[in-house]
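The structure appears below as structure tokens.
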Amino acid sequence: MPRLLAIVFLLSGWLPTLASAHDTDFAFGSPGRAAEVTRTIHVVADDTMRLHFDATDLREGDVVRFEVRNTGRLAHEFGIADAAGQREHAQMMRQMPDMAHDDPNVITLKPGQTRSLIWKFTHMRQHRLVFACNVPGHYEAGMFLRLTVKK
Ligand SMILES: [Cu+2]
């Protein structure tokens with residue numbers, strides 16, 4: 001019983017820490033709300049394993065609605081992170097490929113689906129971003145785009 005209590009104690013202490021680190025502490029901006037959007041960028045994800053952006057001139061201060069359309073027959077992802085964040089997410093996807101993740105910086109798109117992700121490029125500590133699909137094998141096939149946000 002004491003061991004069980006210790007585990008419960010550990011979990012209750014840990015989970016909020018992990019959750020808050022995930023939700024708010026991004027070096028590359030933060031999730032935004034519809035009312036804050038300053039511009040829209042359209043992205044097409046397809047089975048050629050590319051993310052096609054209709055604009056790539058990001059500036060600090062932009063609040064962007066990324067409207068992402070999956071025109072392929074495979075599921076794809078659209079995630080915003082820095083290089084370290086994408087590596088971390090890729091590793092998680094490999095370990096738990098069927099997990100439905102709800103990270104605020106990643107959306108998953110079924111074939112034919114269009115979804116939006118709003119991101120605030122504010123309070124940035126990291127301006128070098130990587131947009132990527134981390135469905136296993138897709139990043140490796142070139143499904144990413146590196147962009148630097150202008151200060
Ligand atoms: Cu993909």
Q: Subtracting the Cα-Cα distance from 0.36 nm times the residue separation, let me have the gained length for ARG94 to THR71 in nm, one decimal.
A: 5.9 nm
Q) Which of the trypsin sites (Lys or Arg not before Pro) across region 52-114 are loop residues per DSSP, with 16 or fewer other Cβ within 10 Å? A) ARG73
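Based only on other Cβ atoms within 10 Å, what is the fewest-to-most ordering of MET124, MET143? Provide the component values of the computation, followed by the final result.
Working: MET124 19, MET143 23.
Starting with the residue having the fewest Cβ neighbours, the order is MET124, MET143.
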Q. What are the residues whose amide H is under 5 Å from the amide H of ALA27, where those residues sit 5 or more places off or on another chain and H is modelled from the backbone?
A. none
Q.
About the Cα centre, and with charges only on the beta carbon of Lys, Arg (+1) and Asp, Glu (-1), how big is the dipole of region 28-148? Nearest 20 debye, please.
A. 120
Q: Calculate the length of the line joining the C-alpha centroid of region 51-74 to that of region 98-144, in whole Å.
A: 10
Q) Between ASP47 and GLN126, 0.36 nm times their residue separation minus their Cα-Cα distance comes to what? A) 25.5 nm
Q) Which FRET efficiency, nearest 0.05, do GLU36 and ASP57 yield, Cβ-Cβ r, R0 22 Å? A) 0.70
Q. Reachable aspartates and glutamates from LYS150, Cα under 14 Å, same-chain residues fewer than 8 places away excluded?
A. ASP57, GLU60, ASP62
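Coordinate-derived values only; no laboratory data. Nothing here was measured: the structure is a model prediction, and the numbers come from that model. In this analysis, Cβ positions are derived from the backbone assuming ideal geometry, glycine residues included, and neighbour counts consider all displayed protein chains.
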